[in-house]
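Novice: Handing you a structure now.
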Amino acid sequence: MITKDLILHTTGEYDVELVLKLSLPYLEIPRISSLDQCTNLLELNLSHNSITEISGLSCLSKLRRLDLSRNYIHSISDDALNSNRALEFLSLEGNVITDVDDLKSLTSLSNLRCLYMQNSKKDVTNPVCQFPGYFNVTSDCLKQLTILDGESLELKKEVGKTFTDCDSDHLRPDKKYEEELDTGELAQKRAESKDSA
C-alpha cells in the first residue's frame, strides 16, 4: 500500500509536495492511493505491482510520465486519466486489457506522444494487441501519438503507404526465372554448378 511515509522514505524528501519523481515497482501494491498531496509529481513508476484498475491519479495534473506496466489492469475507464492532461508517456504493457475501445478513452490526453501496450519484442503484451485492427484503431483515435509500442507511427504509415503504392509487377521475378522454376531447370543448373566445383 502506498503511504506518505513510504513516499518520503523512497524519495528522501521531507515534504510530499516536493516530490517530482516517484518509483515504487515490485511492492505488490494492490491499488493507487495516497497521492493526493503529491501535486508536483512529474513521473510515476508503479510497474510490476498488483494494480487492477487505473484510479487515484486525478490530483496529479502535472504528471508527464506514467508507468503502469506489468500489473493486472483489465480496462481503461473513460475518466481514468481525464485529469492528467499533461501526460506525454504512458506504459501499460504486460497488463490484461482486452477491449480496443478502451484505448479511445485516452483521446482527451492531447499531449500523449508515447504509448506502450506491448514491448518491441511483443513478448510483454496485452490481449488487445492481438486484435487485427489494433494498430489502425489506436493510431486513428490517438492522432497525437508519435510512438506506439516503440515504433514511429509516421515511419510505419510511410512504409505501409509505400508498399500500397508499389506496382506489384515490380515485385515479381522475371518471366525467364519463373519458367526455370516451373520446369525444374534452375534446380538442375544448381546441381550442375556444384558438380563442376
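The values are calculated or read from the model by the stated rules, or taken from the named source; none is laboratory data. Computed from a prediction, not measured in an experiment: that's the story for all the values here. Here the Cβ is made from the backbone with ideal geometry for all residues, glycine too, and neighbour counts use every protein chain on show. Keep in mind that these areas ignore ligands, DNA and RNA; they rest on the heavy atoms of the full protein, side chains included. Shrake-Rupley method; radii C 1.70, N 1.55, O 1.52, S 1.80 Å.
Novice: Can you go through Ile29, Ile7, Ile2 and tell me which one is touching a residue at least 24 places away in the same chain (Cβ under 8 Å) and assigned to a helix (DSSP H, G or I)?
Specialist: On inspection, the qualifying residue turns out to be Ile7.
Novice: Shifting gears a bit: Please enumerate the residues belonging to segment 56-90 that are under 14 Å from the mean Cα position of the chain (by Cα), open to solvent by 50 Å² or more (accessible area, probe 1.4 Å) and of a type outside the set (Asp, Glu).
Specialist: Arg65, Arg70
Novice: Out of the residues in segment 96-121 that are of a type in the set (Asp, Glu) and either in contact with an Asp or Glu (Cβ under 8 Å, 6 or more places away or on another chain) or not in a loop (DSSP other than H, G, I, E, B) (or both), state the one that is least open to solvent (accessible area, probe 1.4 Å).
Specialist: Among residues in segment 96-121 that are of a type in the set (Asp, Glu) and either in contact with an Asp or Glu (Cβ under 8 Å, 6 or more places away or on another chain) or not in a loop (DSSP other than H, G, I, E, B) (or both), the one least open to solvent (accessible area, probe 1.4 Å) is Asp102.
Novice: Let me spell it out: the conditions are (1) open to solvent by 70 Å² or more (accessible area, probe 1.4 Å); (2) more than 24 Å from Leu60 (Cα to Cα), and Val128 meets all of them except one. Which number is the exception?
Specialist: (1)
Novice: Can I ask one more? Within segment 41-54, is even one residue crowded, with 18+ Cβ neighbours inside 10 Å, touching a helix residue (DSSP H, G or I) at 6+ places or on another chain (Cβ under 7 Å) and within 22 Å of Lys4 (Cβ to Cβ)?
Specialist: no
Novice: Go through segment 66-107 and give me each residue that's closer than 21 Å to Ser139 by Cβ and charged (D, E, K, R).
Specialist: Asp78, Arg85, Glu88, Glu93, Asp99, Asp101, Asp102, Lys104
Novice: OK, next. Only one of these conditions is not met by Glu93: (1) open to solvent by 60 Å² or more (accessible area, probe 1.4 Å); (2) assigned to a loop (DSSP other than H, G, I, E, B); (3) acidic (Asp, Glu). Which number is it?
Specialist: So Glu93 meets the others, but not (1).
Novice: Further, regarding this structure: Is it true that some residue in segment 130-147 is out of contact with any helix residue (DSSP H, G or I) (no Cβ under 6 Å at 6 or more places or on another chain), under 24 Å from Gln37 (Cα atoms) and not in a loop (DSSP other than H, G, I, E, B)?
Specialist: Within segment 130-147, none of the residues are out of contact with any helix residue (DSSP H, G or I) (no Cβ under 6 Å at 6 or more places or on another chain), under 24 Å from Gln37 (Cα atoms) and not in a loop (DSSP other than H, G, I, E, B).
Novice: Tell me, which residue of segment 131-148 that is aromatic (Phe, Trp, Tyr) and closer than 17 Å to Ile76 by Cα is surrounded by the most Cβ atoms within 10 Å (Cβ to Cβ)?
Specialist: Filtering segment 131-148 for residues that are aromatic (Phe, Trp, Tyr) and closer than 17 Å to Ile76 by Cα, the one surrounded by the most Cβ atoms within 10 Å (Cβ to Cβ) comes out as Tyr134.
Novice: If the Cβ limit is 6 Å and pairs must be 6+ apart or interchain, which residue in segment 38-56 that is farther than 12 Å from Arg70 by Cα pairs with which residue that is polar (S, T, N, Q)?
Specialist: Hits for this filter: Gly56/Ser33.
Novice: Another question about this same structure. Just checking, which of Asn71, Asn84 is part of a loop (DSSP other than H, G, I, E, B), more than 18 Å from Val19 (Cβ to Cβ) and at pLDDT 95 or above? Quick ask: steps written out before the conclusion?
Specialist: Numbers: Asn84 fails: more than 18 Å from Val19 (Cβ to Cβ).
Matching residue, one of Asn71, Asn84: Asn71.
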